[in-house]
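The block underneath contains the structure these notes are about, expressed in structure tokens.
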Amino acid sequence: MRLLKTIFLLTVLAAAAMGFYVYLPYGPAQETFVDIAAGTGTEDMAAQLEHAGIIRSRYAFDALRVAHGGALKAGEYRFDHAAPVTEIYARIRKGDVYTRTLVIPEGFNIFDVAQAVEAAGLGSRAEFLDAERKHTELIAQWSTHADSLEGYLFPDTYRFSRHSTPERMLTTMVNRFEQMSTKLGMTGSDIARVVTLASLVEKEVHVDTERPVVAGVFENRLAAGMPLQTDPAVAYASLLRGTWTGVIHQSELRSDSAYNTYVHAGLPPGPICNPGVAALKAAMQPAKTDYLYFVADAAGATRFAKDLKEHEAQVAEFRAASR
């Protein structure tokens, strides 16, 4: 009888101790990262967390695995406050891994995207820019002779772990483009042309209702054999050469770059930025008008003209208002 009582008391004490380990908050007072490699077993995972000071007892973590089951997910986790081991276990079971946010606005080019990656702490600008130029196989189904992934890194808000490779991030962005292009009904060999035209529209105008009209102007000029004479393409040529100063000079308007739409008729050889949905829609369905010219007015709106005389009058009016 006395032996049974002793066993009972020991069991109660053990349960109380386990409750102490399981429910009492424990952990770091400052930000701590734990990177759990793929394939790590529960025991090794528990030992890693205990060694990092995230949990008090690896055995309590193991006990939760036995009691609750569920697959535990690898990845990098961030801990910044004391918490019961039940909370830690739940986070790892859920896969609440630490990620960084990367925002790619409409109109960002490959240089802007690479800079955004570096600013988000996801890698170096130079390394990412090299990857953007290297992994053109990701868009081979749409553009077989591309020099980079320009145009196909879809503008969106992304979340990546700090260990994400440039190739993985680029693949995610291109996959997002594919999803949206399918949703918009973009198919066939015309996709490359649509994306290039959309990139010009994206950089030329920022009011959604004006985008189809601008796209229509470009189509009218192409049909008439007129050079597009779009400044953003000239600026992009300078970016590619590494000579862009923020201002277009006369020498750049005379350069022999294939992106110089003052010298060469037709569309440039590829996109000059990564267009968003509104610009893509405009390029797919340009407005039907007689306009051949456009210019921004002093208020930032776009004014359209059917002939050069009307256009020059609008330009003169804009310059006078600017002065």
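Here are the numbers for this structure:
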quantity: Residues whose placed amide H lies under 5 Å from that of Ala83, excluding near-sequence neighbours; calculated: Tyr26, Gly27
quantity: Alpha-carbon spread of the chain, three principal axes, descending order, Å; calculated: 111, 43, 36
quantity: Probe 1.4 Å, protein heavy atoms only - accessible area per residue of the stretch 129-242 in square angstrom; calculated: 45
quantity: Accessible-area ranking of Trp142, Trp244, largest first, probe 1.4 Å; calculated: Trp244, Trp142
quantity: Long-range HN-HN contacts of Glu76 with modeled amide H, under 5 Å; calculated: Ile36, Tyr98
quantity: His163, His249, His206, reordered so the largest accessible area comes first (probe 1.4 Å); calculated: His206, His163, His249
quantity: With all protein chains modelled, accessible area of Val194 [1.4 Å, Å²]; calculated: 20
quantity: Accessible surface of Arg159 - all protein chains present, 1.4 Å probe, nearest 10 Å²; calculated: 150
quantity: Dmax and Rg, reported as Rg then Dmax, of the stretch 155-204 (C-alpha, Å); calculated: 13.2, 36
quantity: Largest-first ordering by accessible area, 1.4 Å probe, given options Lys309, Lys281; calculated: Lys309, Lys281
quantity: Per-residue HN-Hα couplings for the stretch 272-282 [Karplus 6.51, -1.76, 1.60; θ = phi - 60°; Hz; x = Gly/Pro]; calculated: 10, 6, 9, x, x, 4, 4, 5, 5, 4, 5
quantity: Between 0 and 90°, nearest 10: helix 42-51 axis offset from the chain longest Cα axis; calculated: 90
quantity: FRET efficiency, 1/(1 + (r/R0)^6) with R0 45 Å, evaluated for Thr101 and Asp256 via beta carbons; calculated: 0.65
quantity: Exceeding the 26 Å Cα-Cα cut-off - candidates Lys183/Lys203; Lys281/Lys306; Lys94/Lys134; Lys203/Lys281; Lys281/Lys309; calculated: Lys94/Lys134; Lys281/Lys309
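The values are calculated or read from the model by the stated rules, or taken from the named source; none is laboratory data. Since the structure is predicted, the reported quantities are computational estimates derived from the model, not experimental observations. Note that we place each Cβ from the backbone using ideal geometry, even for glycine, and neighbour counts take in every protein chain shown. Just so you know, the surface numbers come from the protein's heavy atoms only, side chains and all, with ligands and any DNA or RNA stripped out. Shrake-Rupley method; radii C 1.70, N 1.55, O 1.52, S 1.80 Å.
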